[in-house]
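Every number in this text was worked out from the coordinates using simple rules, so none of it is lab data. All of these numbers come straight from a predicted model, not from anything done at the bench. Virtual Cβ from ideal backbone geometry, glycine too; neighbours counted across all protein chains shown.
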Amino acid sequence: MTHPGLQDGPIYLDYNATTPIDPAVVDAMLPYLTTYFGNPSSAHAYAETTRAAMATAREQVASLLGCAQDEIIFTGSGTESDALAIRGAALANRFHGNHIITQVSEHPAVLNVCKSLTRLHGLRVTYLPVDKYGRIDPAEVAAAIEEQTTLISIMYANNETGTIQPISELADLARRHRILLHTDASQAVGKIPTDVQSLGVDFLTIAGHKLYAPKGIGALYVRRGLQLEPLLYGGGQEHGLRAGTENVAYMVALGAASVLAREQLALSQPRLQKLRDQLQQKLEQRLPHSVHLNGHPTDRLPNTLNISIDGILGEEVLAAMPGIASSTGSACHEGKTDPSAVLSAMGQSRERALGALRLTLGRWTTAKEINAAADQIAQTVQTQWKSRDA
């Protein structure tokens, strides 16, 4: 069954940027946009249904992560969850230490909140390098720890390359030193197992629109007993950590999306990996000795293929290929294209980074689309090669 938003459009290979909302998620949330409007904080009958729906949604997200219901805080986005975890933990523990550890290839939602803590509060941040696959070395994390370190923030899986970090190993390290560990799992949730007990993390970020829920909803797992400084002050909603009248419909949506993710993970993971590898193999066959994988060859998300192709610019290939919706990771500023910061951090040359394509698959990707996409990409690249040789 095709998603209604993908019918008659280009082949969608940009699931890491955002996912279409699953129709079942829309069905679950619609009554709370229409019929059930009550403020959950009220004391009358209209509040009972919305309050119960919030509790159910919280339990559904908690079940996906393997944690207690009261350890889930709903937020407005993955970005907000990152800020609540990092800023909240840093400020709540500022009398115990003023040092944070992260990595250079984090999402801007992590990097920029770290920079703000330095600018506004004088905290020190160590930005550790990654290897050629985009993975951090736990030994370098251990070497960076000092007496003043209170928090480590390392993403679970990279949004551009799909490279998976050794979070459980880092959690063991952090626990031995009595340091808190946050992981941004926005790209990982629903694609690989994210049981917080197995991972051993203290905070974990979810972004709804990476999980077939709407944009504008996220969640943060906060291990029971930990203290955070709130981002928003007000009426005390979300255990006092995120004030403001709750967005019940979107909470319901994230709960429904979590149920689907939990039910489908065992089947979706091998299916997507097979299609991803099929796409890579077809491109390598059509463009021999010119396709280079960016990211870890095995420890990466099953849906993510980031490749560089010799002799091309990724942006130009996408512009010449309206039949495929994808991305490059490069940043465009006033007509100038800068290479992906993630690929640059991995030591890739400017030429290779600018030749990258990020092709990410999802729930409605089919084998037929993969074959068609491989043909379109190969034909477009070959046409550009010929035009430059002429």
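Quick one: dipole size for the chain, taken about the Cα centre, charges +1 on Lys/Arg Cβ and -1 on Asp/Glu Cβ, in debye to the nearest 20.
On the way: 33 positive and 38 negative charges, 31 e Å.
Dipole of the chain, to the nearest 20 debye: 160 debye.
Mind checking which lysines have their C-alpha under 21 Å from Lys215, skipping anything on the same chain fewer than 8 residues away?
Those lysines meeting the cut-off are Lys191.
Cα extents of the chain along the three principal axes, largest first, in whole Å?
73, 53, 40
So what is the relative contact order for the chain, in percent, with contacts set as C-alpha pairs under 8 Å and at least six apart?
After rounding, I find 23 percent.
State which helices in the chain qualify, where a helix is a whole DSSP H run, it must extend 27 Å or more along its own axis by its Cα atoms, and its mean Kyte-Doolittle hydropathy must be at least -0.5.
Helices passing the filter in the chain: 45-65, 248-286.
Find the Cα radius of gyration of region 237-390, compare it with 2.2 N^0.38 Å by division, and give the number to two decimals.
1.27
Mind checking the full-extension length gain between Thr2 and Ser387? Use 0.36 nm per residue of separation minus the Cα-Cα distance, one decimal, nm.
Fully extending the segment from Thr2 to Ser387 adds 135.0 nm.
Taking just the C-alpha trace of region 126-264, give me its Rg and Dmax in Å.
Cα radius of gyration and Dmax of region 126-264 are 16.2, 47 Å respectively.
Could you pull out every one of the lysines with an alpha carbon less than 16 Å from that of Lys368, ignoring same-chain neighbours closer than 8 positions?
Hits, sequence-local ones excluded: Lys274, Lys282.
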